[in-house]
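As structure tokens, the structure follows; a few thoughts come after it.
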Amino acid sequence: MSPFEQTPVIPVIQLNRVGRHYGNDPPVHALIDVDLQVTPGEWLAITGPSGAGKSTLLNVLGCLDRPTSGSYLLDGIDTAKLNDSQRAGLRSRRIGFVFQAFHLLPHRTVLENVMLAEVYRKQSQHGRQERARAALERVGLGHRVDFFPTKLSGGEKQRVAIARALVGSPSLLLCDEPTGNLDSKSSADLLNLFEKLNQEGLTPVSYTHLDVYKRQP
Ligand code: ADP
């Protein structure tokens, strides 16, 4: 390769004619021939009414479900070629999940909640607290490490959930209705956070039935 040629960019997400149907009598076609490419530096919101196939798509992107046709490459890795344990490994290393209901443990501090993510991932204990603190700094919650979740606003709880997803250094952050429990100010703050994380190399993907992602002109 000449020194002037650029290395090709590997998409974070590459879907080629992905289909997913349920049952056969008659089949429900939740996804039909979906082509999607998301490269580093991009992020997206999947919107649509109930029944449009958002959860199905998120389950495919999160390697929780396999498409019935087509292919899905995550960071250039063809997920169809992996067995279940390889897929679980890929999921824990490359994908962070954030849920609408936050799922924080109320009797653990913010810092402990984030550290627990590594316990479940069976990651080395060495440096665990520092990594959790760094993740909380990234989401702007360095000053709340010793708080209990019950003392936090909805927007702050969401940030803790995002910090917990960030400790594994994923490339993809999948968020289920992330603004569902937030007021409009916290929703706007969340979009700004997604933009910042995206500039730092992460790809946030959210899905919602709401149109909150359209910025006002
Ligand atoms: P959304 O998240 O946009 O509400 P879903 O992905 O949950 O949409 O569903 C898309 C379509 O697939 C719907 O018609 C739904 O009824 C159907 N569907 C989803 N999951 C299943 C399932 N496990 N079995 C049968 N049909 C399903």
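The values are calculated or read from the model by the stated rules, or taken from the named source; none is laboratory data. Computed from a predicted structure; not experimentally measured. Reconstructed Cβ throughout: ideal geometry from the backbone, glycine too, with neighbour counts over all protein chains shown. Calculation scope for accessible area: heavy atoms of the full protein, side chains included, ligands and nucleic acids excluded. Shrake-Rupley method; radii C 1.70, N 1.55, O 1.52, S 1.80 Å.
See the values below:
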{"item": "Flag if S206 is modelled with pLDDT under 95 and either open to solvent by 20 Å² or more (accessible area, probe 1.4 Å) or farther than 26 Å from L58 by Cβ (or both)", "result": "no"}
{"item": "Unique residue being under 21 Å from T208 (Cα atoms), at pLDDT 95 or above and either among the small types (G, A, S) or under 19 Å from the mean Cα position of the chain (by Cα) (or both) when the list is I162, I77", "result": "I162"}
{"item": "Test: residue in the stretch 66-89 that is within 16 Å of the ligand (Cβ to nearest atom), part of a loop (DSSP other than H, G, I, E, B) and in contact with a helix residue (DSSP H, G or I) (Cβ under 9 Å, 6 or more places away or on another chain)", "result": "yes"}
{"item": "Pairs, first under 12 Å from V12 (Cα atoms) in the stretch 26-48, second open to solvent by 70 Å² or more (accessible area, probe 1.4 Å) and more than 9 Å from the ligand (Cβ to nearest atom), C-beta under 6 Å, six or more apart", "result": "T39/V9"}
{"item": "Residue that is modelled with pLDDT under 95 and either part of a helix (DSSP H, G or I) or over 17 Å from P204 (Cβ atoms) (or both), where the choices are V119, V60", "result": "V119"}
{"item": "Selection from the stretch 35-65 of residues that are within 12 Å of the ligand (Cβ to nearest atom), over 16 Å from V98 (Cβ atoms) and β-branched (V, I, T)", "result": "T47, T56, V60"}
{"item": "Filter pass, V28 being surrounded by fewer than 17 Cβ atoms within 10 Å (Cβ to Cβ) and modelled with pLDDT of 95 or more", "result": "yes"}
{"item": "Set A101, A45, A52: member being at pLDDT below 95, more than 17 Å from the chain's Cα centre (by Cα) and open to solvent by 20 Å² or more (accessible area, probe 1.4 Å)", "result": "A52"}
{"item": "Tabulated pairs, the stretch 132-151, first of a type in the set (G, A, S), second part of a loop (DSSP other than H, G, I, E, B), C-beta under 8 angstrom, 6+ apart or interchain", "result": "A132/V167; A135/V167"}
{"item": "The stretch 90-116, residues that are more than 17 Å from R144 (Cα to Cα) and assigned to a helix (DSSP H, G or I)", "result": "L90, R91, S92, R93, R94"}
